[in-house]
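The numbers here are math on the coordinates, done by the rules we state, and not lab data. None of these values were measured; they are calculated from a predicted model. Methodologically, a virtual Cβ is constructed for each residue, glycine included, from the backbone with ideal geometry; neighbour enumeration extends over all protein chains shown.
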Amino acid sequence: MSEKLTSKELSKKITNEYIDEAFRAHELGKLVGYTTAISPVELFVAHDVIPIYPENHSVANLTAKKGAELCTVTESLGYTSHLCAYARSDLGYRETGMTVTRGIPAPDILMACNAQCFTLTKWFQVLARRGNLPVFVFDTPEYVMNKKAREEIVKYCVIQLKEMIAWLENITKKKFDYDRLKEVMKYSAQASALYKKFLDMAQHKPSPISIFDCLIGMAITVYRRGTPECVEYYQTLCDEIMENKVSKGIGVLQNEKYRLYWENLPVWFKFSDHAKLLGSYGGVILTSLYVHAWSFEFNLDKDPLVTLAENYVSRFSNSTIEDRATMALDLFKRYDMNGMIMFMNRSCKAVSFAVPTLKDIITKRTGIPALVFESDMGDQRFYSETQIRTRIEAYFETLDRLQLAKSA
Amino acid sequence: MWDNLSIKQVVKHANDPYPYIRKWKKGTGKKVVGHTIPDVPEELIYAFGFLPVSLIGTDKPLKKAPSRLPDNACSLARSNLELVLSYEGDLFDGFVLPQVCDTTQHLSDIWRISFPDKYVESFLAPRQADRPSARYWVKEEIERLVSSLTGWSGKSLKDEDLRESIRIHNENKALLKEIYEIKRKNPGTLGNKELFALIKLSMQVDKTEFNKSLKKIKEGLKIKKVDGYTDVILVGITCDPPEVYELFDEIKLNIVGDTLVTGTRYLQGIVPDNENLIDALTERHFKRGFFSPIHDNVYKNFEEVKALYKQTNAKAIIYVHIEFCESQEYDLPDLKRMIKKEGMPIHELDTEYQTISLSHVRTRLQAFFESLRGGAL
């Protein structure tokens with residue numbers, strides 16, 4: 001009997017098999033469908049369309065510090081440097097073939113959901129034009145704070161999901177299988193619950209995981225939700241953390257002093273540098289609304305299209321700033337956090353334009369000061385090392401002072 | 001107050017209409033509802049007895065908006081936010097804010113949080129336009145807006161009031177179209193700045209009154225045949241500051257067609273005849289031309305531009321890019337490529353609200369048209 005794989009080994013295996021299958025899609029009689037990280041991908045999975053996330057591929061290149069180089073190529077085609085670094089580095093990859101991975105197969109169809117952001121829709125339009133390919137936009141109006149309006153928004157989204165099914169049937173000439181969708185939803189629901197359990201491990205003191213673990217750990221649910229292997233992965237991951245860390249009281253930092261909230265996507269190319277720098281001050285970033293975006297709560301007793309619509313339309317990125325603040329404050333309470341870093345990400349307008357207002361609300365409600373800094377998640381040209389390091393140092397001095405005053 | 005304006009007065013008011021809207025409000029005792037662009041069904045607001053005012057930025061300095069929206073946000077969004085946060089917020093009793101992109105979505109939230117004591121409603125326009133669900137959704141949103149305005153005003157919408165409102169708004173657009181046509185054929189008769197001031201002010205004042213001014217202005221136009229103009233079309237969303245139109249006038253460009261939300265796209269909003277008025281407003285939503293932030297096909301935009309260019313016999317296209325409008329920035333490289341491939345000369349004009357100096361715009365524009373006139377013209 002073979003030995004049980006570790007979560008790391010399992011992640012590698014799942015990813016390799018997934019990419020292998022995607023590259024062999026046509027051989028297997030399947031289509032490659034590009035989609036956005038927050039999108040009702042369950043419909044693709046149920047219809048045997050292999051989902052590919054250009055964002056994930058961009059993350060790999062941006063983390064490997066290829067952002068500036070790839071973005072420059074795109075800018076030479078007439079696109080401005082203000083656009084999302086995911087999009088710019090992706091278009092640069094398509095122009096040059098430069099990547100730190102095996103790359104990703106070309107799409108047959110594209111589906112963009114604006115619950116995450118509208119930039120993805122525009123980026124996918126550009127890709128669709130290049131290959132003269134069909135693109136479906138799943139339009140999710142802001143989940144405004146009005147019960148009646150919310151019911152109508154969900155109805156509108158369900159109608160669109162039905163349109164998407166008809167669109168898929170028309171392209172593939174294959175009838176959509178609703179029983180298969182129910183099965184896919186079951187896996188998605190299980191994996192999402194386990195993923196949330198994984199994120200919530202950060203409630204322990206000291207926290208056994210940091211946001212950097214979450215950012216690595218979230219990859220599988222982003223691109224493999226709706227599959228049994230995704231469920232297996234998160235079960236393994238949770239078991240490992242419980243057994244190896246929580247039960248032994250092992251934390252990311254044993255001298256954990258500051259439990260921090262992070263707003264926004266990470267600065268991908270500074271990922272580990274930030275962890276080390278913050279750690280040197282006794283700070284560990286525990287969570288963000290961003291990593292919780294995949295903590296879906298699918299209700300399997302409901303019509304699958306209704307629970308899909310309800311979940312995707314209510315993501316943090318499609319919620320009002322007031323609701324986002326409520327979601328973040330819930331995390332502050334549950335994770336007992338005492339600091340926050342608010343990143344104004346030039347690439348991500350959808351998340352960043354809420355940050356100043358969000359910061360004000362959270363600070364007012366918690367009394368916790370915030371560190372706000374501006375940079376870019378993937379384009380190194382917008383990152384100022386000295387300035388950000390100085391701000392982080394100054395922020396911890398403030399937190400130290402506050403803590404001293406509190407204990408006095 | 002708006003019924004006997006000369007063209008000179010229109011230009012003056014269009015630059016800063018707010019002092020006069022204040023006077024009008026004081027005189028009539030009516031409520032004023034501001035709305036950002038595009039596509040808010042202003043006829044509904046008017047039918048409730050309120051004055052709908054399109055907010056199209058301010059030229060006054062930015063003071064408070066930068067602390068809410070960073071410098072890479074759409075300059076119109078920042079300018080509009082500044083307009084209400086620092087200068088004119090107290091004038092308005094309420095706001096209706098359309099959401100058409102990431103920026104406008106956040107703008108609505110920031111606005112609502114900034115004005116907790118005022119009526120603030122979102123108009124959630126669909127961001128896809130080519131499927132039946134889009135039509136379904138527009139109707140739902142129009143009905144929701146009716147219900148929201150009913151709740152705020154405490155009175156229900158009467159069919160005859162909406163019908164009359166639609167008639168007034170349609171008349172306004174028809175008059176503007178007629179004036180546009182006169183200017184198109186006789187560029188010396190009316191300048192670009194004057195024409196677009198007429199459209200802008202129409203979007204901001206009481207149309208029952210202003211239509212009277214439009215009729216008089218139209219009848220009083222003295223047709224002049226002046227040579228030396230180059231016919232151009234303007235493509236984009238808005239074109240500000242108004243001094244840009246002065247520049248066009250100065251170098252003798254005649255705008256013979258446009259796709260602006262503050263231009264022809266507004267005039268395309270004539271509500272069709274339909275017994276059911278909500279259906280009519282829904283139908284109208286889809287009669288307007290391409291709008292970059294809505295998911296629509298850029299090929300369609302290209303075909304629209306090409307058709308307009310040919311139909312008007314224009315000699316060049318001026319694409320007006322609002323600084324940091326992400327949607328335009330995604331569309332533009334492909335659109336430019338298609339336009340150039342078709343052999344249509346295109347000049348890209350980058351604009352920013354709060355622009356103080358237009359010297360760089362002038363230099364680039366002059367260079368482009370000098371070379372064009374020295375060549376094919």
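A few remarks follow.
- For the protein assembly as shown, the alpha carbon convex hull comes to 174 Å³ per residue, rounded to a whole number.
- Taking every residue in B:324-335 and counting other chain Cβ atoms within 10 Å of its Cβ, the average works out to 5.
- Helix A:304-313 axis, angle to chain A major axis (alpha carbon atoms, nearest 10°): 40 degrees
- Whole-Hz couplings from phi, Karplus 6.51/-1.76/1.60, listed for the stretch A:362-372; x for Gly and Pro: 5, 4, 4, 7, 10, x, 8, x, 10, 9, 10
- Here, P(r) means the percent of Cα pairs in each 10 Å bin from 0 to the largest distance; for the stretch B:57-189 it is 10, 27, 31, 26, 6.
- Separation between Cα centres of the stretch A:146-193 and the stretch A:336-350, rounded to whole Å: 32 Å
- Our note on the geometry: Cα centres of the stretch A:45-100 and the stretch A:238-304, 26 Å apart.
- Annotation: amide H-H contacts under 5 Å for A:Val372 (H modelled 1.01 Å from N, sequence separation of 5 or more, or interchain): A:Met342.
- Inter-part distance where the stretch B:268-327 and the stretch B:1-54 are each reduced to a Cα centre, Å: 24 Å
- Semi-axes of the equivalent ellipsoid for the stretch A:288-408, computed as √(5λ) from the eigenvalues of its C-alpha gyration tensor and ordered from largest down, come to 31, 20, 11 Å.
- Applying the criteria of a DSSP loop state and at most 11 other Cβ atoms within 10 Å to the GluC sites (Glu not before Pro) of the stretch A:24-75 yields A:Glu27.
- Peptide A:112-120, shielding by other chains (average Cβ, 10 Å cutoff): 4
- Label point distance in nm, A:Asp20-A:Asp177, each placed 7 Å from Cα along Cα→Cβ: 2.2 nm
- By other beta-carbon atoms within 10 Å, ranking B:His347, B:His321 with the fewest at the front produces B:His347, B:His321.
- Exercise: per-residue mean of other protein chain Cβ atoms within 10 Å, B:57-68: 1
- Ranked by the mean number of other Cβ atoms within 10 Å of their residues, highest first, the peptides B:83-90, A:256-263 come out as A:256-263, B:83-90.
- Each principal axis of the stretch A:7-407 carries a Cα extent, and these read 69, 51, 45 Å when sorted largest first.
- Rounded to the nearest Hz, the phi-derived 3J(HN,Hα) couplings of the stretch A:280-293 under the Karplus curve 6.51 cos²θ - 1.76 cosθ + 1.60 (θ = phi - 60°) are 5, 9, x, x, 9, 7, 8, 6, 7, 5, 4, 5, 7, 4, where x marks glycine and proline.
- Percent RCO, i.e. relative contact order, over the stretch A:1-53, from Cα pairs under 8 Å lying at least 6 residues apart: 30 percent
- Nearest-ten-degree value, helix A:54-63 long axis tilted from longest Cα axis of chain A: 40 degrees
- The stretch A:7-407, relative contact order in percent, only Cα pairs under 8 angstrom and at least six apart counted: 19 percent
- Against the main long axis of the alpha-carbon atoms of chain B, helix B:326-341 sits at an angle near 30°.
- Each other residue within a Cβ distance under 11 Å of A:Thr80 adds +1 if Lys or Arg and -1 if Asp or Glu, for a net charge of -4.
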